[in-house]
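Written out below as structure tokens is the structure these notes cover.
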Amino acid sequence: MEYLEQALVLTDQGKLQQAVQVLQANLQSATLKAGDEEGAQAWHLLSLLLQDLGQDAASLKALEAAYECYCGADDIGQELNLRYQAAGLWDKSEAVLASLYEKNKNQQSLAAQLSHALYMQGKREDALVVCNQALQIGGQWDVQLLSNRSMLHAQLGDVGK
């Protein structure tokens, strides 16, 4: 991807707007394809540049395109999740986290984050199920998860469980 290299050089030179133009010109005509790791890198770079330029809505769209190109990129998925949470888009956060958790069932942190996203949408029963799954995995989140589970039981009227 020659245009990606060109955009990186422009970025290194501090010519962010020109790098954005190079990426946009090449990505606008590109078809999003699942599994396209290089395409995901280009969209991700575009997202970062747009964010640096204060174009948050366009940056989020580019990040979504990056994730669509290469859902296997957990780092892009986590970044997208954080952006969704910052925007209060908990349903979208849940979808990304569910996808990440499905691929990484042994990562307690993903289960804890998914439980939180469910909770933020008022899905307390679902949050409790995922919280219990996270506790079965075990790890550094145990104390927080035990606290969350107690709170969820109390909110659901299941005190004493």
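Out of curiosity, is Leu97 at pLDDT 95 or above and either assigned to a helix (DSSP H, G or I) or at negative phi (or both)? It is true that Leu97 is at pLDDT 95 or above and either assigned to a helix (DSSP H, G or I) or at negative phi (or both). Taken over the stretch 143-161, the criterion of being open to solvent by less than 80 Å² (accessible area, probe 1.4 Å), of a type outside the set (Ser, Thr, Tyr) and under 22 Å from Gln85 (Cβ atoms) is satisfied by Leu145, Asn148, Arg149, Met151, Leu152. Sub-7 Å Cβ pairs linking a first residue in the stretch 54-80 that is more than 17 Å from Glu94 (Cβ to Cβ) to a second residue that is among the acidic types (Asp, Glu) and open to solvent by less than 40 Å² (accessible area, probe 1.4 Å), at least 6 apart or interchain, are Cys69/Asp36; Tyr70/Asp36, ordered by first then second residue. The residues of the stretch 100-134 that are over 30 Å from Gln51 (Cα atoms) and either in contact with a Pro (Cβ under 6 Å, 6 or more places away or on another chain) or at pLDDT below 95 (or both), listed by number, are Lys105, Asn106.
Total residues in the stretch 1-42 satisfying the condition of being within 21 Å of the chain's Cα centre (by Cα) and of a type outside the set (A, V, I, L, M, F, W, C): the figure is 7. Screening the stretch 1-20 for residues that are charged (D, E, K, R) and more than 12 Å from Leu53 (Cα to Cα) and picking the one that is most open to solvent (accessible area, probe 1.4 Å) gives Glu2. Of all the criteria given as (1) open to solvent by less than 50 Å² (accessible area, probe 1.4 Å); (2) on the phi < 0 side of the Ramachandran plot; (3) part of a loop (DSSP other than H, G, I, E, B), the one not satisfied by Gly88 is (2). Tell me, which residue of the stretch 21-50 that is polar (S, T, N, Q) and under 20 Å from Tyr70 (Cα atoms) is surrounded by the most Cβ atoms within 10 Å (Cβ to Cβ)? Top of the filtered list is Ser47.
State which residue is most open to solvent (accessible area, probe 1.4 Å) when the search covers only the stretch 93-111 and only residues that are within 22 Å of Asp36 (Cα to Cα) and among the charged types (D, E, K, R). Checking each candidate, the answer is Glu102. Taken over the stretch 59-85, the criterion of being over 18 Å from Gly35 (Cβ atoms) and open to solvent by 40 Å² or more (accessible area, probe 1.4 Å) is satisfied by Lys61, Gln78, Glu79, Leu82, Arg83, Gln85.
The values are calculated or read from the model by the stated rules, or taken from the named source; none is laboratory data. All figures in this text were calculated on a predicted structure; none of them were measured in a lab. Using ideal geometry, Cβ is built from the backbone for each residue, glycine included, and neighbour counts are taken over all protein chains shown. Protein only, heavy atoms only, side chains kept; ligands, DNA and RNA dropped before computing areas. Shrake-Rupley method; radii C 1.70, N 1.55, O 1.52, S 1.80 Å.
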